[in-house]
Amino acid sequence: MRAALTTRTLWAFRDDGPASRALGRMAAGRLPPLPAAVLAAAVTGVLPALRADGGPAPALFAPVVVLLLTGPSSAHPHSGRLDWLAPPIFRGIEYGYLAVLGFAHSVSAPLVYVLIAVLALHHYDTMCRVRRGARPQEWVVLAGLGWEGRMLLVALAGLSGSLPFAYAALAAYLGVLFGSESVLTWTRRDRGRDADVIVDSREHWSGGVGGGPHNEERGKA
């Protein structure tokens, strides 16, 4: 049970989208995640430094390479001793790629910051849910495109010359999606917890739990 819970937790932290999951199902969980994640991090560090004359920048093709490297390992149970390092590496790949690509193509710094901040809050929200024994809803994860879907989207926008618009649209879309779903989920959770407290309190004072003070007074009388 503990191993299965750890696996589900790490899968949630990976934040894989439909494309990465499809490759993982094809590999049937046979490929370990950490070597692929380290290699993918190296690729995203090297490609942005390369320059192409007369063609698209090599950095725009980095998401495809990263997806092909890491997607097949998405279904692995992450049972290795250091496999817990894979999700933080994915966060570094995604945030770093969005920052470097945006600055290299003259996207305004506040816009780059807003997009990365939205993603950081989403991943922090995921961590808080997992610590409380919950996970993000499946439809939200799929609608959020996954780390690979977001990277592929901005890369395609870079190829078409519409990167600033893509950053703005993606930040607005993800902000509304993740923000509204998170507020509704935590609000419902808090209401349910408050209702449980009220019920417990009423049972206690009515004598439903442990007799209560009214029952003690009746006993003395």
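Every number in this text was worked out from the coordinates using simple rules, so none of it is lab data. Keep in mind that this is a model prediction, so the values were computed, not measured. Here the Cβ is made from the backbone with ideal geometry for all residues, glycine too, and neighbour counts use every protein chain on show.
Observations, loosely collected:
- Modelled FRET efficiency - R0 30 Å, residue 8 with residue 180, Cβ distances, 0.05 increments: 0.75
- For the range 133-139, 3J(HN,Hα) computed residue by residue from phi via the Karplus equation (6.51, -1.76, 1.60; θ = phi - 60°) reads x, 10, 9, x, 5, 4, 5 Hz, glycine and proline entered as x.
- Proximal charge balance of residue 127 [Cβ under 13 Å; K/R count +1, D/E count -1]: +4
- Rough spin-label spacing in nm, given labels placed 7 Å along Cα→Cβ, for residue 188 and residue 64: 4.0 nm
- By the count of other C-beta atoms within 10 Å, a proxy for reagent exposure, 11, 139 are ordered fewest to most as 139, 11.
- Fewest neighbouring Cβ atoms within 10 Å first, the residues 105, 123 line up as 105, 123.
- Cα gyration tensor shape for the range 1-144, rounded if a/c is under 1.5, else prolate or oblate: oblate
- Hz values of 3J(HN,Hα) by residue in the range 110-124 - Karplus curve (6.51, -1.76, 1.60), Gly and Pro given as x: x, 5, 4, 4, 4, 4, 5, 5, 4, 5, 5, 5, 4, 6, 5
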